[in-house]
1. Per 0.36 nm of contour for each residue apart, how much would the distance between Ser42 and Ser55 grow if the chain were fully extended, relative to their Cα-Cα spacing?
2. State, as an integer percentage, the relative contact order of the stretch 29-95 based on alpha-carbon contacts under 8 Å between residues 6 or more apart.
3. So who's got an amide H within less than 5 Å of the one on Thr151, skipping anything under 5 residues away but keeping other chains? H placed 1.01 Å off N, in plane.
4. Assuming 0.692 mPa s and 37 °C, estimate D for the stretch 127-192 with Stokes-Einstein, Rh taken as the Kirkwood radius over Cα pairs, in µm²/s.
5. Using each residue's phi in the stretch 51-60, evaluate 6.51 cos²θ - 1.76 cosθ + 1.60 at θ = phi - 60° and report the 3J(HN,Hα) Karplus result to the nearest Hz, with x for Gly and Pro.
6. Give, in nm to one decimal, the length gained when the segment between Val206 and Thr99 is fully stretched (0.36 nm per residue of separation minus the Cα-Cα distance).
7. Tell me, what HN-Hα J-couplings in whole Hz come from the Karplus equation 6.51 cos²θ - 1.76 cosθ + 1.60 at θ = phi - 60° for each residue of the stretch 173-187, using x for Gly and Pro?
8. Hey, what do the phi angles of the stretch 278-283 turn into as Karplus ³J(HN,Hα) couplings, whole Hz, using 6.51/-1.76/1.60 and θ = phi - 60°, x for Gly and Pro?
Amino acid sequence: MKKIKLFFPVILLGVAIFVASCKKEYLKTPYHAIESFTVTDSAGSPLKAAIIGDSILLYWPPFKNTPASIAPKITISEGAGISPASGAPVSFSTSTVYTVTAQDGSKKTYKLYPMINLPAPVFEVGSPDFLQIAGYIIIKGQYFVADTSQTHLYLVNAGDKKFSLPLANDGSFVFNSTAILSQIPGDGTIDTGYYKLRMISGKNTVTKGPIHIAAPNIYDVFKGFVFNEEGKTLKAGDQLSISYSTVAALKKYYPKTMAITLFVTPENGSQDVKYNIALSSRTDNTLTFHLPQDIITGSLSNLQVTYDGDQFAFDLDPDKPTLINK
């Protein structure tokens, strides 16, 4: 009878160990699925991604700013882990990859695919045969993403070299979903000739052209006018200069002779005296001339640049008269 009593406890202990061992193995599940993936758009609305195989397809609404990063709420198989974690900020791009690890240690990776639901821009270029260096360019159409991080505008030459055009909505330029007012660079990077206009807006690229870019309008050249001696006390024979910051290579596009006309108000306040002066020298961005030896004493009230019969007048600051002393 004693042997029988010892035998049954041993059997029961073995059964208990076996059951416990089986239960422990059963809890280590092999499940590593992403069950839901939800973000909030710029308007506060939830967006749910489609999980297809190992791909996370997140469709972003049209005409809403596309974020650089997102912080999705993610649910996964019970008992599994995920990296990066749910709620952690990640790049809203295909560079983002999630790894789900099941209880049994098996893993599955998922790649994020942003699906930007945007139609391609449709537009026309205003006066494509009459565009000029340093002049404005007008573009009208629709489906522009009015975000400088997503929309870019370029002039492209015959060698496929791109020249960026500025985009802003600040009083000088216009940039919205249907219209763009930009400016062709006047810094010497753009030369005359034929170009194509390329717009990259969101995931879409549209190219128009060719368009012709002509020499700068002389009036645009003088927009960058700076009289370097304004406010100084001057005397007969002094060298003076005018600088231009708007258009580089002034000599290249306007090789003809320019001249200066000065208007000096005498000390007694009588009628201004006019002086026509030839240029002493001329560079791409500077006109240099000398005050005549017979100039009267008074204040320099106005000067003009004469080019091919046209005159461009520049009023000097009346609060800082330039004195002419013989």
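The values are calculated or read from the model by the stated rules, or taken from the named source; none is laboratory data. Treat the numbers as computed from the prediction; the structure is a model and nothing was measured. Using ideal geometry, Cβ is built from the backbone for each residue, glycine included, and neighbour counts are taken over all protein chains shown. We work out accessible area using only protein heavy atoms, side chains counted, and drop any ligands, DNA or RNA first. Shrake-Rupley method; radii C 1.70, N 1.55, O 1.52, S 1.80 Å.
1. Contour length minus Cα-Cα distance gives 2.3 nm.
2. Computed over the stretch 29-95, the figure is 34 percent.
3. Under 5 Å from the amide H of Thr151 lie the amide H atoms of Gly202, each far enough along the sequence or on another chain.
4. Translational diffusion coefficient: 261 µm²/s.
5. 9, 10, x, 9, 10, 10, 9, 10, 7, 9
6. 34.8 nm
7. 10, 10, 8, 9, 6, 10, 8, 9, 10, 10, 9, 6, x, x, 9
8. Couplings: 7, 6, 7, 7, 8, 10 Hz.
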